[in-house]
Amino acid sequence: MRRVWALLFAAFAALVVASFVHAPERGWWLPEGKSSFAPSTDALIRTILWVMGAFFVLTLGLLVLFIWRQGDGSNAARSDKSSDHRLELIWTVVPAGVLVWLALTQMDEWKAMKFSTPGAGEPIAEVWASQFDWRMRHPGADGRLGSADDWESPYEVVVPAGEEVRLRLRSRDVIHSFFVPAFRLKQDIVPGRAISVWFTAEAGEYDLVCAELCGWGHYKMAGRVRVLPPEEYQAFVQRQNALQLSGAEVSGR
Amino acid sequence: MSLRSVLLALVGLLPAAGCGFQPGAAELAWGLSAKSREELAEAPQAQSELARLLEQNFGTPADPRFPPAPQGGLAELKPERRAALERDNQTRGLAADHYPTPLESAELYRVHCLHCHGAAGAGDGPTAASINPKPRDFRKGIFKWAAVKDKARPRREDLTTILENGVYGTAMHSFARLPVAEIEGLADHVRLLSVRGEVETLAVNHFKEEDELDEELFGEHIDTVWSRWQRAESKFIAWEGEIPSDSPAMRARGRELYLDARKGNCVQCHGDAGKGDGPAAWKINAKGKKELAYLDDWGFPIQPRDLTQGIYRGGARPIDIYRRIYAGINGGPMPGIGETKNSQGGPLVSSDDLWALVHYVRSIPEGAGP
Ligand SMILES: [Cu+2]
């Protein structure tokens with residue numbers, strides 16, 4: 001029976017490793033990175049994955065080995081030793097060292113995302129989260145948010161490509177989280193606070209999802225970030241500013 | 001088996017069992033509305049005849065039919081919308097004129113809308129119990145956020161705009177992530193349910209007055225209801241050209257009209273500061289408790305909007321607010337003043353005045369921010 005367990009654990013480890021190996025080709029991985037943060041974030045994710053993977057295989061391997069060796073259920077192979085200081089020191093200090101090293105390597109990344117938000121002044125748009133909708137508010141012709149010529153767009157925020165883009169995140173009710181997987185960007189949105197995020201992205205259309213369980217409809221709280229080449233973006237904004245002050249019908253399609 | 005392995009197996013089975021909503025046959029069927037059954041309680045024959053006629057003309061959720069436009073609405077799309085549909089189809093690798101069949105539209109509705117709006121569009125899906133305002137009951141043919149006057153039925157674009165924009169500030173969120181073709185198909189299905197519901201009510205009322213119900217008459221009922229829908233386009237509130245621009249003078253004028261009891265008189269419902277607490281909005285009931293004075297057409301208490309929030313259900317563009325003030329809000333107490341006459345038979349307010357009101361209303365939340 002012990003041996004069956006050993007094989008089961010071994011199979012489990014093999015399954016986990018195999019699923020990681022096949023993840024990219026099966027689309028189980030994150031979408032291709034499309035923001036300035038993506039390369040370094042991916043490198044960090046990969047590093048952590050390798051470190052964790054190595055320890056995972058090591059611990060599970062040892063477990064399988066020990067269970068297997070006890071396979072006959074006798075006490076013959078047991079040692080009387082109750083502790084081994086050297087061993088304990090190693091398995092405490094090595095992982096601790098790895099953790100400290102990881103904490104230090106990710107600092108630059110963290111600083112870039114959280115403490116280097118560019119520019120003062122108005123953000124490109126304010127992203128309002130509510131159960132279960134995204135609604136974007138753009139400053140309009142006067143470039144100022146909170147004035148009467150602001151225009152709103154449901155579902156989708158449009159931003160320029162290749163430029164530093166800052167968005168201000170706001171919530172109308174509970175905590176939501178702004179997550180654009182392709183940008184490797186995730187930030188909680190807290191009611192009563194105005195939190196900024198920034199990124200520089202390639203042109204394209206990207207999924208925006210809520211990453212904080214916010215109620216029964218959380219699963220369908222989807223939006224989109226549309227990144228346009230700068231000239232197209234300028235034209236788009238001008239068109240929207242004008243439409244805001246006209247009676248014409250609009251559909252974002 | 002040991003207790004431990006039983007527990008383990010149970011935990012493993014949990015995801016398989018799921019915790020999804022499993023609608024029963026009754027929740028998926030159309031049938032007769034509770035009101036029709038009640039009204040025709042004494043006439044069981046009329047009940048079964050009505051059920052038969054409804055099914056004969058509109059089919060069932062598994063085989064939906066819409067006599068006025070049996071193929072769906074593809075042929076009704078305006079050129080720009082048709083172009084948008086074709087573009088969108090092509091980016092999805094579909095034939096340019098791909099369009100859902102009535103059955104596919106019904107299926108989309110079941111997946112995306114039924115849990116709020118109910119199978120027959122009565123606004124009674126399982127989620128409805130826990131949200132306020134309630135999901136729209138389509139069967140009266142009354143829609144609030146259409147760009148039309150005279151309490152007309154919505155145009156096709158009104159329905160698709162609502163689907164793409166959502167009704168902000170309510171549980172009705174945007175469905176903009178769906179393909180254009182699916183949005184159009186869903187609009188078809190909403191219209192089907194709405195027309196079916198109106199026809200049902202008409203048939204019941206007619207039967208109660210005249211004691212008649214047969215195939216020919218039922219056909220006439222469908223024509224009557226459909227002609228209401230066909231009038232929508234002629235009721236569109238258009239605005240060509242520039243919108244009179246926002247200015248402090250405009251806002252001041254708007255404020256004046258907002259307060260003027262003979263002109264806008266918005267203050268009686270929306271209150272001086274726009275908080276939705278005007279004197280007409282609330283009343284003291286028999287128990288001495290304060291309660292909302294107005295009910296909407298579905299019988300739910302309704303509060304005039306708190307205009308300080310800057311959350312507009314029917315759209316936040318100036319033109320949207322203009323249309324609300326021009327035509328009022330269908331299904332509720334808010335009156336339109338766009339075509340009201342004064343005692344001399346001239347217009348009560350000029351179009352500049354209407355825009356002044358728009359600019360004033362939109363300035364109320366300025367700077368406040370929630
Ligand atoms: Cu959320």
**Study point:** Scope region A:155-184; condition over 18 Å from A:Gly217 (Cα atoms), within 16 Å of the ligand (Cβ to nearest atom) and within 14 Å of the chain's Cα centre (by Cα); matching residues
**Key:** A:Val180, A:Pro181
Practice item. State whether one or more residues within region B:76-96 are under 21 Å from the mean Cα position of the chain (by Cα), free of Cβ contacts under 8 Å to residues at least 60 places away in the same chain, surrounded by 14 or more Cβ atoms within 10 Å (Cβ to Cβ) and within 26 Å of B:Trp229 (Cα to Cα). Key: no
Check your understanding: Is there a residue being within 15 Å of the chain's Cα centre (by Cα), part of a loop (DSSP other than H, G, I, E, B), within 14 Å of chain A (Cβ to nearest Cβ) and at pLDDT 95 or above anywhere in region B:113-127?
Key -> yes
Practice item. Would you check if there is a residue in region A:231-238 being away from chain B (no Cβ under 14 Å), crowded, with 17+ Cβ neighbours inside 10 Å and touching a Pro at 6+ places or on another chain (Cβ under 8 Å)? Key: yes
Check your understanding: Pairs under 8 Å by beta carbon, first residue more than 10 Å from chain B (Cβ to nearest Cβ) and part of a strand (DSSP E or B) in region A:130-154, partner within 16 Å of the ligand (Cβ to nearest atom) and among the β-branched types (Val, Ile, Thr), six or more apart or different chains?
Key -> A:Met136/A:Val127; A:Met136/A:Val157
Practice item. Please indicate, with yes or no, whether at least one residue in region B:239-255 is over 30 Å from B:Ala281 (Cβ atoms) and more than 14 Å from chain A (Cβ to nearest Cβ). Key: no
Practice item. Out of the residues in region A:132-154 that are hydrophobic (A, V, I, L, M, F, W, C) and surrounded by fewer than 18 Cβ atoms within 10 Å (Cβ to Cβ), state the one that is farthest from the ligand (Cβ to nearest atom). Key: A:Ala141
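Which ranges mark the helices (runs of 4 or more DSSP H) fully within region B:182-298 that have 2 or more residues being closer than 30 Å to B:Ser363 by Cα? Reasoning before the result, please.
On the way: elements: B:215-230, B:248-259, B:267-270.
By residue number, B:248-259, B:267-270.
Table: residues versus (1) in contact with a helix residue (DSSP H, G or I) (Cβ under 6 Å, 6 or more places away or on another chain); (2) more than 14 Å from chain B (Cβ to nearest Cβ); (3) surrounded by fewer than 18 Cβ atoms within 10 Å (Cβ to Cβ).
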residue	(1), (2), (3)
A:Val174	no, no, yes
A:Phe178	no, yes, no
A:Ala182	no, yes, no
A:Gln187	no, yes, no
A:Gly192	no, no, yes
A:Val197	no, yes, no
A:Gly204	no, no, yes
A:Leu208	no, no, no
A:Met221	no, no, no
Study note, to complete from the structure: Filtering region A:155-172 for residues that are within 13 Å of chain B (Cβ to nearest Cβ), among the small types (Gly, Ala, Ser) and closer than 24 Å to A:Glu231 by Cβ leaves a count of 0
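The values are calculated or read from the model by the stated rules, or taken from the named source; none is laboratory data. Keep in mind the model is a prediction, meaning the values are calculated, not measured. Because the Cβ atoms are built from the backbone with ideal geometry, glycine has one as well, and the counts that use them run over all protein chains shown.
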